[in-house]
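Asks: Dumping the structure here so I can ask a few things about it.
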Amino acid sequence: GTVLEDPKFGHRLLSFCRFAIEDMCKQPASTLGTLPEAMVVALGDALRFCAALFPVMFNEGPRGMMDSIFAFLLRFASDSTLVSNPYIRAHLVKAMYGFIPTFRCASNSSSSHSPLDGSSAGRKDLVPFLMRFFIEIEQTGADDAFYTKFNHRFHVLTILDYLWSLPAAPHKAAVRDLARERPRDLVRFINMVLNDVHHCVGTGLEGVEEAHRIEQTGPEEGEGAIQAFMRQTDQRMRLEVIQRQCCFMLEYSTGLLELLERFSRTAPEAMGGGELGGRIASLVASLLDRLVGPSCLDLKVKDPKLFHFDPRKVVCLCVKTFSLLASRTPSFLAACCADAPKLSKPLLDRTAELILRRNILPPAELARFHRAVTRLTRALEAAVNVDDLVEDAPEDFLDPIMQTIMRDPVVLPSSGVVVDRKVITRHLLSDAHDPFNRSPLTEEALTPKPELRAQIEGFLRERLAEHGAVMLEGEAGLVVKANATFDHWSKEEEWEGEEEG
């Protein structure tokens, strides 16, 4: 232990790592692909060890050392032809995670540098890689992949959180560029984020509910001292298990909600439209209903900090995300009307009342939320539920998965089933297989059905005319009353908040 903690040993180890890394980075890909993966793992472990025990050495090292270390980690972690094992790439991401400055720094200097800092040497590629890795780790084929993926993704989330804290970095611009140039990559990433939030929040809140029931359980009638002791011991042991589970699930899901809020501020058009708008609206509605609605008392525990349960912060993040998207993205309001029936004015009014009473948000943020609620309320008053108008639609016009009327029918190549494009593309974000026969499926393989689409559009026009309704163009196919005036909400209002740098 004494030898390992000796700064001289740390200096020699870091010098060796630097020499090996700089030599490896000079080699062509054909040579690097033949290196034993154990060598890559060993270098990653050595770098993480130095970052944990001797962080000051990275401040005092040569000028190009940080760039060399970063180039090594990013190149091997992002290239599956060099490292085919996804868990070894996850190991290198964990090494990046270890370079986040912590309070363990032995230096008395006011700043601690990391290979993640800076804007040169390909650091603009870091965020796109982390987003891609977040998706790829979903299915690795291992038996415990479902549970281990959360640990790997927690490392990604923490790195992204650190990158967002840097005063001058290209990472926010990289997100905007990705949303503009490769929007499907951003959609797939956010879809995985939403999947994890739903699972982790649900698991965490179930644990908090169980803890609430345990804390409310009193002594049984006629219970003796021994029985009381055994009951209390069982309850204490169960509470400890719940706390361990909830701590990770709720901390991780809260971090994901912070990420959603940041991305909504950075790329609102991509976050509020398409497949994402409806899912984000549904998530906000379900969380507010759970934390602000009538059942919120079931989540009351003696010490929420033991569970990493911070309902105020979750409500705050939900409100900020909703306000950002509702203020800047008209299609998000359409998605709220169509896909988030729980996001009603009574729920939002109750949320605003809670925010004001508990002083959760500053006045400017609360005013922005009120404006967003006003716009959504007007949209809900004008919107018409299209499913109510087409209850007698022919079976051929209905999507077989969701049993809703199709807007853009497509044929699945292997099963031959006709489905709605919106439904199947949402399915493909999480599962790249035909839902009817489990054969591989991509969006490019979908075949349109223009004749059927024309028939459905004709049927819809007749029904809308009978009920005095119209379908808006460019607003996610939202159906509204024919005499509704939409200028006050369908146009983007001037953004008054701070802009992302």
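The values are calculated or read from the model by the stated rules, or taken from the named source; none is laboratory data. Since the model is a prediction, treat every value here as computed from it, not as a measurement. When we count neighbours, we look across all protein chains shown, and the Cβ atoms used for this are built from the backbone with ideal geometry, even at glycine. Heads up: the accessible areas ignore ligands, DNA and RNA and are worked out on the full protein's heavy atoms, side chains in. Shrake-Rupley method; radii C 1.70, N 1.55, O 1.52, S 1.80 Å.
Asks: For the modelled label position 7 Å from the Cα of GLU220 along Cα-to-Cβ, which residues of segment 229-255 have backbone nitrogen atoms closer than 12 Å?
Replies: Within reach of a label on GLU220, which here means backbone N under 12 Å from a point 7 Å along Cα→Cβ, segment 229-255 contributes 229-232.
Asks: To the nearest 20 debye, what is the magnitude of the charge dipole of segment 283-327 about its Cα centre, counting +1 on the Cβ of each Lys and Arg and -1 on the Cβ of each Asp and Glu?
Replies: In total the dipole reaches around 140 debye.
Asks: So, one more: About the Cα centre of segment 1-52, how large is the charge dipole given +1 on each Lys and Arg Cβ and -1 on each Asp and Glu Cβ? Please answer in debye to the nearest 20.
Replies: 120
Asks: OK, next. Using only the alpha carbons, work out the radius of gyration and Dmax of segment 346-486 in angstrom.
Replies: 19.9, 57
Asks: Could you tell me which residue out of PRO101, GLY202, GLN455 lies farthest along the dipole of the chain toward its positive end? Charges go on the beta carbon: Lys and Arg +1, Asp and Glu -1, centred on the Cα centre.
Replies: PRO101
Asks: Evaluate E = 1/(1 + (r/R0)^6) for ASN195 and LYS8, where r is the Cβ-Cβ distance and R0 equals 56 Å; express this FRET efficiency to the nearest 0.05.
Replies: Step by step, r from the Cβ atoms, then E = 0.70.
Asks: Ignoring ligands, DNA and RNA, what percent of the 1.4 Å accessible area of segment 41-100 is carbon and sulfur?
Replies: The nonpolar share, carbon plus sulfur, comes to 54 percent.
Asks: For every helix of n ≥ 4 consecutive DSSP H residues, a contribution of -39,500 (n - 2.57) applies; sum these over the chain, divide by its total residues, and give [θ] at 222 nm rounded to the nearest 500 deg cm²/dmol.
Replies: Taken over the chain, the calculation gives -20500 deg cm²/dmol.
Asks: Please work out the FRET efficiency for the pair THR447 and PHE19, using the Cβ-Cβ distance as r and a Förster radius of 45 Å; give the result to the nearest 0.05.
Replies: That gives a FRET efficiency of 0.20.
Asks: Sorted by average packing, counted as other Cβ atoms within 10 angstrom per residue and highest first, what order do 4-17, 240-253 take?
Replies: Those peptides, ordered most packed to least, come out 240-253, 4-17.
Asks: Continuing with the same structure: Once you place label points 7 Å from the Cα toward the Cβ at SER295 and ASP387, how far apart are they in nm?
Replies: It works out to 1.9 nm between the two label points.
Asks: Same structure, new question: How much FRET efficiency would the formula 1/(1 + (r/R0)^6) give for HIS370 and ILE135, where r is the Cβ-Cβ distance and R0 is 51 Å, rounded to 0.05?
Replies: Calculated value: 0.90.
Asks: Moving to a separate point now. Which GluC sites (Glu not before Pro) does segment 179-236 hold that lie in a coil by DSSP with at most 13 other beta carbons within 10 Å?
Replies: Of the GluC sites (Glu not before Pro), the ones in loops of segment 179-236 whose Cβ has at most 13 other Cβ atoms within 10 Å are GLU220, GLU221, GLU223.
Asks: Compute the angle between helix 183-216 and the longest alpha-carbon principal axis of the chain, please, reported from 0 to 90 degrees and rounded to the nearest 10.
Replies: The angle comes out at about 90 degrees.
Asks: Restrict the search to segment 269-334; then list the trypsin sites (Lys or Arg not before Pro) that DSSP places in a loop and that have at most 16 other Cβ atoms within 10 Å of their Cβ.
Replies: Of the trypsin sites (Lys or Arg not before Pro), the ones in loops of segment 269-334 whose Cβ has at most 16 other Cβ atoms within 10 Å are LYS300, LYS302.
Asks: If we count every other residue with Cβ under 13 angstrom of GLN216's Cβ, Lys/Arg +1 and Asp/Glu -1, where does the sum land?
Replies: Value of the local net charge: -1.
Asks: Follow-up. Order 392-400, 227-235, 268-276 from most to least packed using the mean count of other Cβ atoms within 10 Å.
Replies: 268-276, 392-400, 227-235
Asks: Can you tell me the accessible area per residue over the chain, all protein chains present, probe 1.4 angstrom, in square angstrom?
Replies: 49
Asks: While we're on this one: Can you list the lysines whose alpha carbon sits under 17 Å from that of LYS320, skipping same-chain ones fewer than 8 residues off?
Replies: Partners found: LYS345.
Asks: What is the magnitude of the charge dipole of the chain about its Cα centre, with +1 placed on the Cβ of each Lys and Arg, -1 on the Cβ of each Asp and Glu, and no other charges, expressed in debye to the nearest 20?
Replies: 1460
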